[in-house]
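Report on one structure; see the data block that follows.
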Amino acid sequence: MKRAAIYLRVSTVDQTTANQERELREIAARSGLEIVKVYKDHGISGAKGRDKRPGFDALHRDANKRQFDVVMAWSVDRLGRSLQDLVGFLSEIHALGIDLFLHQQGLDTRTPAGKAMFGMSSVFAEFERTMIAERVRAGLKRAKDEGKRLGRPPVAPETQEAIRKALAGGLSVRKTAAKFNVNPSTVQNISRPFEASADATAS
């Protein structure tokens, strides 16, 4: 009998995972799967990263230990909010020899149809990455054409002078950056203006 893990997530604290869990357990029983562990993230958005979803993080860690053979979830949006997230997770568990079952999408990578659907999702994820990159490039070009300044705003001359005085007084780059709420690299460029200009000219 294959071992299965269930992953459950709801976005708000007033929602419950009970219905999802009950139905997935029934499906597992009909499919001859033994539920060995249930992972839950309660009141956490799917847009959050793995580090902000303790249940999802534990699922990843136990997958690496091969503690189950199949991951079951109610729907694809329980795992993440983007196609890239799904494909990344799929690729990770696929490399470990673990299958995925998504109830709402009818995806089961134990079947030939499920494996084919996984292949297509990889294609669409690549398409999504390309479209995002194109939108970013178009947005940057539009901002440049409109005369908008890109990158960090310039540091005011009086602030630059205050930074130089702080450095001359023996304050470290990091402490000076914290004091004036600027990036340490900005402090270094102000302390070495000629080197910064040379770098800009070379690039």
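The values are calculated or read from the model by the stated rules, or taken from the named source; none is laboratory data. If you're wondering where the values come from, they're calculated on a predicted model, not measured in any experiment. Methodologically, a virtual Cβ is constructed for each residue, glycine included, from the backbone with ideal geometry; neighbour enumeration extends over all protein chains shown. Each accessible area value is taken on the protein alone, full model and side chains, heavy atoms only, with ligands, DNA and RNA left out. Shrake-Rupley method; radii C 1.70, N 1.55, O 1.52, S 1.80 Å.
Among the residues in the range 77-97, are any under 21 Å from the mean Cα position of the chain (by Cα) and modelled with pLDDT of 90 or more? Within the range 77-97, one or more residues are under 21 Å from the mean Cα position of the chain (by Cα) and modelled with pLDDT of 90 or more. Q67 falls short on exactly one of the conditions (1) more than 13 Å from R9 (Cβ to Cβ); (2) open to solvent by 40 Å² or more (accessible area, probe 1.4 Å); (3) not in a loop (DSSP other than H, G, I, E, B), and that condition is (3). From the list K115, K148, K141, the lone residue that is in contact with a Ser or Thr (Cβ under 9 Å, 6 or more places away or on another chain), open to solvent by 40 Å² or more (accessible area, probe 1.4 Å) and at pLDDT below 85 is K115.
Results for (1) among the hydrophobic types (A, V, I, L, M, F, W, C); (2) at pLDDT 95 or above; (3) part of a loop (DSSP other than H, G, I, E, B), shown as yes or no for each residue.
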{"position": "A5", "(1), (2), (3)": "yes, yes, no"}
{"position": "R9", "(1), (2), (3)": "no, no, no"}
{"position": "Q15", "(1), (2), (3)": "no, no, yes"}
{"position": "Q20", "(1), (2), (3)": "no, no, no"}
{"position": "L24", "(1), (2), (3)": "yes, yes, no"}
{"position": "E34", "(1), (2), (3)": "no, yes, no"}
{"position": "Y39", "(1), (2), (3)": "no, yes, no"}
{"position": "S45", "(1), (2), (3)": "no, no, yes"}
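Residue-by-condition table, conditions (1) open to solvent by less than 40 Å² (accessible area, probe 1.4 Å); (2) over 21 Å from the mean Cα position of the chain (by Cα); (3) hydrophobic (A, V, I, L, M, F, W, C):
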position: M1; (1), (2), (3): no, yes, yes
position: T16; (1), (2), (3): no, yes, no
position: I27; (1), (2), (3): yes, yes, yes
position: G32; (1), (2), (3): yes, yes, no
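Residue pairs whose Cβ atoms lie under 6 Å apart, sitting 6 or more positions apart in sequence or on different chains, and linking a residue in the range 1-13 that is under 19 Å from K48 (Cβ atoms) to a partner that is small (G, A, S), are Y7/A73; S11/S45; T12/G43; V13/G43. Pairs meeting the criteria (first residue in the range 147-171 and more than 16 Å from N189 (Cβ to Cβ), second residue modelled with pLDDT under 90 and open to solvent by 40 Å² or more (accessible area, probe 1.4 Å), beta carbons under 7 Å, at least 6 apart or on different chains) are L150/L140; L150/K144.
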